[in-house]
Amino acid sequence: MLKTSLFFVAIALIALLLADLEISTLHPWTELSRMAWGAITPDVASLWNLKLALLNTVVFAFCGIFLGVVLGIGLACAFRFNPVRLFCAFIRAIHEIFWAFIFLPIVGLNPTCGVLAIAIPYAGIFAKVYAEIIQESDRRPLEGVPKASGGLSRFVYGILPVIYADTKHYTGYRFECALRSSAILGFIGLPTLGFHLETAFREGIYSEAWALLYAFYILIVSLGYWLKPRLVPLYVAVSFVLLSRTITVSWENIVRFFTYDLLPWPMRRDGVLDGTREISFAWKPIVSWVNEIFVHEAWEGIWNTVVLTQVVLVGTGIFALLSFPFACRHFSGKIANRISHYGLIVIRTTPEYILAYILVQLWGPSMLPAVWAILLHNGAILGFLCSNNADLVPLRIDAPGRRIDRYLFEILPRVYGQFLAFLFYRWEVMMRESAILGILGIYTLGFYIDSAISDDQIDKAILLILITVLLNMGIDSVSQFVRHRLKISTKLVTSL
């Protein structure tokens, strides 16, 4: 594991030398002081006028999660088949904002677009995780189920009771993620929290922006108090009732999108110019079109996305390893432990897109804001997980008294394999985040996708999104290979 870790560190150092980390703003500290003042003087009164955005954020999350769970369960039942497995990998490789871009020309800029943008990728995620939970579950209870029972009965009485706790906890965690996804969808114009956050930050109304962020933090922290399993059906039903008032679907738009708008421009050019909407099937112009996009846009986007991802991968690991001891009971007192614990919650709760947006205002659109945004967000998630799991490690009687020795020789060896498993599991997520942050002006693939959408070039945007999918699926395959090669898993090693 050490050799593999050092190998990835070496790659990250090379990528760091190639990365664009320039600060292009003239007076970043002046703007930072204004943000800091807004943080200590939040405009709480403005929240009443923005209550609908907060409500929409929750409604989108509930509707998206419900559809994702339903679709995910169905896909999980057939996950053993390679076509289903590849399909799930494909849909989860596309970021929620990219899905929103895809649905925009079909359903328009309305809540349906936001809900589908959450539901589709989450279905792929749920399918994978649910299938893995079922696969790794204890099968001994099935021995008590009559062999003549049907598949549904065997699942309900022999498998569901075993996996219920794990699936409930994971689904609850994904709802927190759905709230973050719902919030950032507002940055592309949907009526959620991100829409008003983007406006407040862009116009320098930092007191209002921080009030919204604090409200979002309270919403996340309070989930344990109001998100009760018995109340979830009621929440979902109310959310769909509220959403149904704004659902608009045009079958004409859907048909036109899939049968015409998706086609490469060379196939539609003559029909558009002469008004006949005829389609040309000459392959040479299409190949030239693809080649031109790849050479002038996709290649630079791919390069920057990969460079950014590799820097962030190692940076995230370093941040997590340095931060988790402060939130672990074996290294800090109760008060310091709680402060560090909640600090990690706040950082991981803040969507990486919002972190990057704030840092772009300070430093300008280079890779530097993206590096720190993705690093902090994912590092806090891994630090939080590692601290929780390190708390479960029982100390030996002869455990070192000095904290640094206890960290290096007692706790770290036991949690390091699990930490690497979590880190490589997040690798695919970091790739998606690196691509999407291009929307903020950083020259990753998201920059060119956003430009294509702005120019109403849906075919080019879809081609670039497909390239991001291939990149993510490739990273996912490499990640699985590395985890298998190192024989690491997310299970905790409690003894040496």
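Every condition in (1) under 24 Å from the mean Cα position of the chain (by Cα); (2) surrounded by fewer than 16 Cβ atoms within 10 Å (Cβ to Cβ); (3) part of a helix (DSSP H, G or I) holds for ASP20 except the one numbered (3). Report yes if ALA452 is surrounded by fewer than 23 Cβ atoms within 10 Å (Cβ to Cβ), touching a Lys or Arg at 6+ places or on another chain (Cβ under 9 Å) and either free of Cβ contacts under 8 Å to residues at least 60 places away in the same chain or not in a helix (DSSP H, G or I) (or both), otherwise no. For ALA452, the condition - surrounded by fewer than 23 Cβ atoms within 10 Å (Cβ to Cβ), touching a Lys or Arg at 6+ places or on another chain (Cβ under 9 Å) and either free of Cβ contacts under 8 Å to residues at least 60 places away in the same chain or not in a helix (DSSP H, G or I) (or both) - is met. Out of curiosity, is ARG269 at pLDDT below 85, among the charged types (D, E, K, R) and assigned to a loop (DSSP other than H, G, I, E, B)? Here the answer is no, as ARG269 does not meet what is asked. One residue alone among LEU212, LEU227, LEU242 is touching a Gly at 6+ places or on another chain (Cβ under 7 Å) and in the same structural domain as ASN56 (by TED's automatic domain parsing), and that residue is LEU227. Answer yes if at least one residue in region 424-436 is farther than 16 Å from THR309 by Cβ and crowded, with 19+ Cβ neighbours inside 10 Å, and no otherwise. Within region 424-436, not a single residue is farther than 16 Å from THR309 by Cβ and crowded, with 19+ Cβ neighbours inside 10 Å. Output the residue which, of all residues in region 243-259 that are surrounded by 11 or more Cβ atoms within 10 Å (Cβ to Cβ) and modelled with pLDDT of 75 or more, is nearest to THR192 (Cα to Cα). Ranking the qualifying residues of region 243-259, first place goes to LEU243.
For ALA421, are the conditions met, namely being outside any loop (DSSP other than H, G, I, E, B), surrounded by 21 or more Cβ atoms within 10 Å (Cβ to Cβ) and either of a type outside the set (A, V, I, L, M) or not assigned by TED's automatic domain parsing to the domain that holds GLU203 (or both)?
Judged against the criteria, ALA421 is not a match.
Taking (1) under 18 Å from LEU243 (Cα atoms); (2) in a helix (DSSP H, G or I); (3) not charged (D, E, K, R) in turn, LEU109 satisfies each apart from (2).
Rundown of residues vs (1) touching a strand residue (DSSP E or B) at 6+ places or on another chain (Cβ under 8 Å); (2) surrounded by fewer than 13 Cβ atoms within 10 Å (Cβ to Cβ); (3) in a helix (DSSP H, G or I); (4) at pLDDT below 90, yes/no style:
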residue: LEU32; (1), (2), (3), (4): no, no, yes, yes
residue: ALA39; (1), (2), (3), (4): no, no, yes, yes
residue: LYS51; (1), (2), (3), (4): no, yes, yes, yes
residue: CYS63; (1), (2), (3), (4): no, no, yes, no
residue: PHE66; (1), (2), (3), (4): no, no, yes, no
residue: ARG85; (1), (2), (3), (4): no, no, yes, yes
residue: ILE102; (1), (2), (3), (4): no, no, yes, yes
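Scanning region 402-422 for residues that are charged (D, E, K, R) and within 15 Å of SER332 (Cα to Cα) turns up ARG402, ARG403, ASP405, ARG406.
So which residues in region 315-347 are among the basic types (Lys, Arg) and part of a helix (DSSP H, G or I), if there are any at all? Even if it seems obvious, please write down each step before you answer.
In the first step, residues of region 315-347 are kept if they are among the basic types (Lys, Arg); the result is 329, 334, 338.
Of everything in region 315-347, those that are among the basic types (Lys, Arg) and part of a helix (DSSP H, G or I) turn out to be LYS334, ARG338.
Just give me the residues in region 393-411 being in a helix (DSSP H, G or I) and loosely packed, with under 13 Cβ neighbours inside 10 Å, in sequence order. Answer for region 393-411, where residues must be in a helix (DSSP H, G or I) and loosely packed, with under 13 Cβ neighbours inside 10 Å: ILE404, ASP405, LEU408.
The lone criterion from (1) among the polar types (S, T, N, Q); (2) at pLDDT 85 or above; (3) farther than 25 Å from SER182 by Cβ left unmet by ASN378 is number (3).
Quick one: which residue in GLU352, GLU292 is out of contact with any Phe, Trp or Tyr (no Cβ under 7 Å at 6 or more places or on another chain), under 30 Å from GLU203 (Cβ atoms) and among the charged types (D, E, K, R)?
Working: GLU292 fails: under 30 Å from GLU203 (Cβ atoms).
On inspection, the qualifying residue turns out to be GLU352.
Within region 176-185, the residues that satisfy the criterion of being crowded, with 24+ Cβ neighbours inside 10 Å and not aliphatic (A, V, I, L, M) are ARG180, SER181, SER182. All of ALA237, ALA211, ALA215 fail the test of being part of a helix (DSSP H, G or I) and either closer than 23 Å to PHE98 by Cα or without any contact (Cβ under 8 Å) to a residue 24 or more places away in the chain (or both), apart from ALA237.
Within region 371-392, the residues that satisfy the criterion of being assigned to a helix (DSSP H, G or I) and not hydrophobic (A, V, I, L, M, F, W, C) are HIS377, ASN378, GLY379, GLY383, SER387, ASN388, ASN389. Within region 141-158, the presence of a residue that is modelled with pLDDT of 75 or more and of a type in the set (A, V, I, L, M) is excluded.
Screening the candidates ALA336, ALA320 for the property of being under 30 Å from GLY417 (Cα atoms), more than 27 Å from the chain's Cα centre (by Cα), among the small types (Gly, Ala, Ser) and assigned by TED's automatic domain parsing to the domain that holds PHE419 yields one hit, ALA336.
Under the condition of being β-branched (Val, Ile, Thr) and assigned to a helix (DSSP H, G or I), which residue from region 349-370 is nearest to ALA327 (Cα to Cα)? Explain how you work it out, then say what you get.
Filtering region 349-370 for residues β-branched (Val, Ile, Thr) gives 349-350, 354, 358, 360.
Cutting the leftovers down to assigned to a helix (DSSP H, G or I) gives us 349, 354, 358, 360.
Values: THR349: 16, ILE354: 24, ILE358: 26, VAL360: 29 Å.
Going through the qualifying residues, I end up with THR349.
Taking every residue in region 382-409 that is in the same structural domain as VAL429 (by TED's automatic domain parsing) and pairing it with any residue that is outside any helix (DSSP H, G or I) and among the hydroxyl-bearing types (Ser, Thr, Tyr), at least 6 positions away or on another chain, the pairs with Cβ-Cβ distances below 7 Å are LEU392/THR494; VAL393/THR494; PRO394/THR494. If you go through region 346-360 and keep only what is over 15 Å from THR444 (Cβ atoms) and either in contact with an Asp or Glu (Cβ under 6 Å, 6 or more places away or on another chain) or of a type in the set (Val, Ile, Thr) (or both), you end up with VAL346, ILE347, THR349, THR350, ILE354, ILE358. In the set ALA78, ALA10, only one residue is in the same structural domain as ILE318 (by TED's automatic domain parsing), without any contact (Cβ under 8 Å) to a residue 12 or more places away in the chain and surrounded by fewer than 17 Cβ atoms within 10 Å (Cβ to Cβ); that residue is ALA10.
The values are calculated or read from the model by the stated rules, or taken from the named source; none is laboratory data. Note that the structure is a prediction, hence the values are computed from the model and not measured. With ideal geometry, Cβ positions are generated from the backbone for all residues, glycine too; neighbour counts draw on all protein chains shown.
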